[in-house]
Amino acid sequence: MRKVFVSLFFVALTVTAFGQKYEMTDYKPISNIEHNGVQLEVFAMNNGGVEDYFVCLGNLGVGDDVIQLNIDPVSKLFIPLGNDLDGAIEKMTALQNIFKEDLGYTTTIDGILCPILPNGEIEPIEVIHKKVILTKNLEFVVTRNGYMRSTYIPRSTINSLAGGLKFYKKLHPAR
């Protein structure tokens with residue numbers, strides 16, 4: 001008799017679990033590349049019929065101008081690229097054009113720092129053109145409560161992500 005009650009209990013749990021409404025966003029990867037063991041990618045998300053494009057720049061270190069410790073493996077930096085493919089390509093081209101500016105050039109863009117998928121608050125992200133050893137990089141900096149969270153992305157990686165987005169546009173011209 002005990003087996004029957006236990007079985008009915010687990011069946012009831014299963015039925016109630018299927019009765020929950022869970023809405024999953026439509027996630028489409030477009031272009032990705034691995035940099036320092038972290039997956040960076042351009043992707044599209046469909047939320048309520050609107051397709052939004054983002055670039056994920058991976059995890060950020062925590063620290064100051066000199067030392068950055070990578071202690072947060074969950075939070076990622078997302079840069080919104082817009083809700084159409086042409087606008088996304090335009091924003092990625094703007095990121096590429098920062099490399100044409102002088103070293104030390106600084107600008108501010110919108111970004112989202114949150115875990116898994118971009119669903120947090122948009123906040124200002126400082127982008128600085130730097131040269132580390134022999135490689136030109138963009139440093140993406142989020143300043144919170146007196147400490148910095150940053151990541152360095154080399155020119156080749158930005159160019160690869162932008163190239164993948166442009167190739168996707170050629171494959172899907174109607175978008």
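What does the charge dipole of the range 34-175 about its Cα centre add up to, to the nearest 20 debye, if the Cβ of each Lys and Arg holds +1 and the Cβ of each Asp and Glu holds -1? Numbers along the way, then the final one.
On the way: 13 positive and 17 negative charges, 101 e Å.
For the range 34-175, the charge dipole is close to 480 debye.
Hey, with R₀ at 30 Å, roughly what FRET efficiency would Arg144 and Leu171 work out to, going by the Cβ-Cβ distance, to 0.05? Walk me through the numbers before you get to the answer.
Working: r = 39 Å, r/R0 = 1.30.
Computed FRET efficiency for Arg144 and Leu171 comes out at 0.15.
Going down the table (Lys91/Lys166; Lys91/Lys169; Lys76/Lys166; Lys100/Lys136; Lys28/Lys76; Lys76/Lys170), which pairs top 20 Å between alpha carbons? Before the final figure, lay out each step's value.
Numbers: Lys91/Lys166 12 Å; Lys91/Lys169 14 Å; Lys76/Lys166 24 Å; Lys100/Lys136 10 Å; Lys28/Lys76 17 Å; Lys76/Lys170 28 Å.
Violating the 20 Å Cα-Cα cut-off are Lys76/Lys166; Lys76/Lys170.
Projected onto the charge dipole of the range 132-175 (+1 at Lys/Arg Cβ, -1 at Asp/Glu Cβ, origin at the Cα centre), which of Ile158, Tyr147, Tyr168 gives the Cα projection farthest towards the positive end?
Tyr168
State the Cα centre-to-centre distance between the range 131-175 and the range 79-117 in whole Å.
The range 131-175 and the range 79-117 have Cα centres separated by 7 Å.
Output wanted: per-residue J couplings in Hz (rounded whole) for the range 145-153, from phi through Karplus 6.51 cos²θ - 1.76 cosθ + 1.60, θ = phi - 60°, x for Gly and Pro.
Running phi through 6.51 cos²θ - 1.76 cosθ + 1.60 with θ = phi - 60° gives 6, x, 10, 9, 10, 8, 9, 10, 10 Hz.
Could you tell me which residue out of Gly87, Asn97, Ile122 lies farthest along the dipole of the range 86-125 toward its positive end? Charges go on the beta carbon: Lys and Arg +1, Asp and Glu -1, centred on the Cα centre.
Asn97
Readers should treat all values here as calculations from the given coordinates under stated rules, not as data from a laboratory. Computed from a predicted structure; not experimentally measured. With ideal geometry, Cβ positions are generated from the backbone for all residues, glycine too; neighbour counts draw on all protein chains shown.
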